[in-house]
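Quick note: the coordinates plus some simple rules give every number you see, no bench work behind them. Small disclaimer: the values here were computed from a predicted structure and weren't measured. Backbone-built Cβ (ideal geometry, glycine too); neighbour counts: all protein chains shown.
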Amino acid sequence: MTSSDSSSSSGSVSPNTATSPNAASPRQRKRSVRTNNSSISNASKRLSSSSKKVTIPLEHGCEDNWTWSRRHRSKEIVLSGQNDRTVHFHPNWSKGTAGVQGKRPLNNGRFYWELHVSQRIFGTSIMFGIGTRKARLHANSFRNMLGENEHGWGLSHKGVLWHKGVALMYTERFKENQATIVGILFDGIEGTLTYYKDGKCLGVAFRGLDKIKEPLYPIVCSTAAKTEMTLKSTRSDIGHLQDRCRAEVMKHIKSKTDLTKLKLPSIITNYLSEAFNDAVPLRQVDNYDMLFEF
């Protein structure tokens, strides 16, 4: 248990302003302003151009207007905003871990949602992920609650994945006291859960979710006082028939060697091989001192 969950210090940096002993003429100042405006305009165009190349999950999917459940939430959570989409954790002070469950059942479909997280990122654990109805939504202690058992799959703001009480290093820690956007892509066809941070894909975090028979729901939780998250960009896609067929076929193919032995046309082999996981296994956090820190 840490006192940092109840309060956090935040600093601000003020830009230094320098003055030149040789004052510029009005004409020079106008020319400088035009040059600076031109540079800003060109930079904006470059950013706009580069942003178009970013792959947006389920970009052509349907708007899926779900929200958080008033029934399935901690007593330390307040919902507000349009359609109750903003979550306020520990509005006064924190003395434990609070969670809330989304109303959207996820199984057998593709769903993407974004969480706009306020700058109050600090403390023991702020988590994003999914879970069953059996996942705990309140604890009277500071802990990594989502993924503490087999009923949850979560990512902590410290860059660690949790499931069945096992912690795996996944990505860099989030910067404290800096707002961020966390995207989550659930693929019930392939059975995967993938995270995005500020538009960047962090890679597949969990697999085998297509084998879970119990209904799965979005879940967020936090130990930090006065944390806020707003649900945005909720989209869904039932998935193409060929993707569903691939998921079914791959249940019977264990390796790329088995796939090669089938001697299928190359276009089919290449498409099926995309389902194999070539990622480097994540490192487990097994040192007790490190585990206590996470």
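Data for the structure
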{"read-out": "Potential extension, residue 65-residue 248 segment - 0.36 nm per residue separation minus Cα distance", "value": "63.0 nm"}
{"read-out": "Ratio Rg/Rh [Cα only; Rh per Kirkwood] for segment 102-168", "value": "0.96"}
{"read-out": "15 Å beta-carbon shell around residue 175, net charge (K/R +1, D/E -1)", "value": "+2"}
{"read-out": "Binned Cα-Cα distances of segment 120-261, short to long, each 10 Å bin given as a whole percent", "value": "10, 39, 33, 13, 5, 0"}
{"read-out": "Most to least packed among 181-188, 255-262 [average Cβ atoms within 10 Å]", "value": "181-188, 255-262"}
{"read-out": "Cα-Cα over 23 Å, subset of 134/197; 158/251; 95/213; 197/232; 75/95; 197/254", "value": "134/197; 158/251; 95/213; 197/254"}
{"read-out": "Whole-Hz couplings from phi, Karplus 6.51/-1.76/1.60, listed for segment 83-91; x for Gly and Pro", "value": "6, 6, 8, 9, 9, 10, 9, 6, x"}
{"read-out": "Pairwise FRET efficiency - residue 92 versus residue 263, Cβ, R0 = 51 Å, nearest 0.05", "value": "0.15"}
